[in-house]
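**Q** A single structure is presented below for examination.
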Amino acid sequence: MRQHPNGAVSFRGRADVKELALYLQDTISVGNWAFNVGFREDLYRGIVHDSQPQPRVGFAYNVKKTNSVLRVSYSRILETPFNENLILASLGASNPIIVDVIGGASLQAPIRSGQRNQFNAGLQQAFGKYLVVDADYLWKYTHNAYDFSAFGNTPIFFPIAWKNSKIDGPSVRVSMPNFHGFTALAVLAHVRARYFHRRSAGWARASREEKYFASTTTRPSTRQHISNTNRGKLFRGSP
């Protein structure tokens, strides 16, 4: 990146990003119990090289007397950086123009991959034959979490990394299976995200909250199996 005498700034960069993932997964059923175990290994070869073993485990218990299913799961996940303008983001404080535009000489680069621990707990409950309620709560704890930032007042966006992030929230899915050729689905969700100590633009803390999200889908079908779908969404949130 360099600045011309007329004030214009030019940038040219190139990098290859390659990623390979290998995984194994199996489901074991014992009586009313179902166990899902898996293992994944990612090899990331971009501007930085990272790899991480990622175990996955989950189990569910079917309470047949009440038509209920209880479930819990855990996942270890390797979060790789966004590719959009990743080369620009990886220059960090090594370029004086980036320091002048973003501010601060403590910018760290390049951006490394993140490590996430994710927990899910849920309940599925059937009411008769035509109504199923599925509730879930998730927790995501990420080290080196990703977000986007703008380059000055330009429309150029690039990935940034926070030291840690915490994301959690509930969701509820209400569905009606096929009832004389008609199905319906409604999803309600709430999520909050907290980011701590941004690395690529100084030290900070930010919070985001989707106060309410709703999505509804209905699908009537004719005898010729042609379906029409109507969807409606409502979203409220705070930056």
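Every number here is computed from the coordinates shown, using simple stated rules; none is lab data. All values reported here derive from a predicted model rather than from experimental measurement. Because the Cβ atoms are built from the backbone with ideal geometry, glycine has one as well, and the counts that use them run over all protein chains shown.
**Q** Hey, can you grab everything whose amide H is under 5 Å from the amide H of Asn164? Only 5+ residues off in sequence or another chain; H modelled, so Pro and N-termini drop out.
**A** When sequence neighbours closer than 5 places are left aside, the close amide H contacts are Asn144, Ala145, Phe196.
**Q** Which of the peptides 136-142, 75-81 is most tightly packed, and how do the rest follow, going by the mean number of other Cβ atoms within 10 Å of each residue?
**A** Going by the mean number of other Cβ atoms within 10 Å, highest first, we get 75-81, 136-142.
**Q** Let me ask something else about it. Hey, what do the phi angles of the stretch 134-141 turn into as Karplus ³J(HN,Hα) couplings, whole Hz, using 6.51/-1.76/1.60 and θ = phi - 60°, x for Gly and Pro?
**A** Per-residue couplings from phi come out as 10, 10, 9, 10, 10, 10, 10, 10 Hz.
**Q** Would you please put 21-27, 158-164, 31-37 in order of how densely packed they are, using the mean number of other Cβ atoms within 10 angstrom per residue and starting with the highest?
**A** Highest to lowest by the protection proxy: 158-164, 31-37, 21-27.
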